[in-house]
Amino acid sequence: MPASLPAPCSIGGSSRIRYRGLEGTPVAGHRRLETPFTGESRGRWIMTQEQATNEPDTAEAKRGPRILLVDDDAEIIEAMRYALQSRGYDVVIARDGNQGLVMAEREDPDLVILDMMMPKRSGFLVLERLRRTRKVPTKIIMVTANEGNRHKAYAEMLGVDDYIRKPFAMDRLLASVERLLPLSS
């Protein structure tokens, strides 16, 4: 690797790599990224590890309330993610119940949108565990294709904040999210 290249940065957190386009001007101290063998410019600017750790992470400071989506259906996840991010929410995704518990612990979401029927661990088991282990209860919306009232009653007994049956209008979900987790202007 040529000496002119900065040390590799880890991606995420306060050491996130930041790029500028060809037409943009580089931020002071950033260097042009070149290919290792030809020295050819790639038209991007990259900051060094030292600059990355000293520069505040403005994206993290400006993030909206964090929502964890836990569902095994990729189409539903993508539709919810798009709708919520377009409203200013920060969205993280888990594809099954076990991953949902790990992400809830690591990401500390303000709200969890939880499918009832998933592989590895059902939404009920995730809900029970979240209610037992978190000192401050997380707001939870359960979404399900199950028609039974017995399931709804059990979810409400466990303290779910809202229960939405699939298929649902996205406006219904957004209204529930905004009621539970209002965005500050």
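Highest mean first, the peptides 106-112, 131-137 sorted by other C-beta atoms within 10 Å per residue fall in the order 106-112, 131-137. Note on residue 136 and residue 156: their simple-model spin labels are 2.8 nm apart, each label 7 Å out from Cα toward Cβ. The calculated FRET efficiency for the pair residue 171 and residue 125, based on their C-beta separation and a Förster distance of 30 Å, comes to about 0.50. Among residues other than residue 144 with Cβ under 11 Å from its Cβ, the summed charge is 0 (Lys and Arg +1, Asp and Glu -1). Each Lys or Arg adds one and each Asp or Glu subtracts one; over the other residues with Cβ under 13 Å from the Cβ of residue 72, this totals -2. Peptide packing: for 114-121, 76-83, the average count of neighbouring Cβ atoms within 10 Å per residue gives the ranking 114-121, 76-83, highest mean first.
Counted by Cβ distance under 12 Å from residue 109, the other residues give a net charge of 0, where Lys and Arg count +1 and Asp and Glu count -1. For residue 72 and residue 180, the difference between the fully extended length at 0.36 nm per residue and the C-alpha to C-alpha distance is 36.5 nm.
No value in this document is a laboratory result; all are computed from the given coordinates. The model shown is predicted, which means the values in this text are computed figures rather than measured ones. Because the Cβ atoms are built from the backbone with ideal geometry, glycine has one as well, and the counts that use them run over all protein chains shown.
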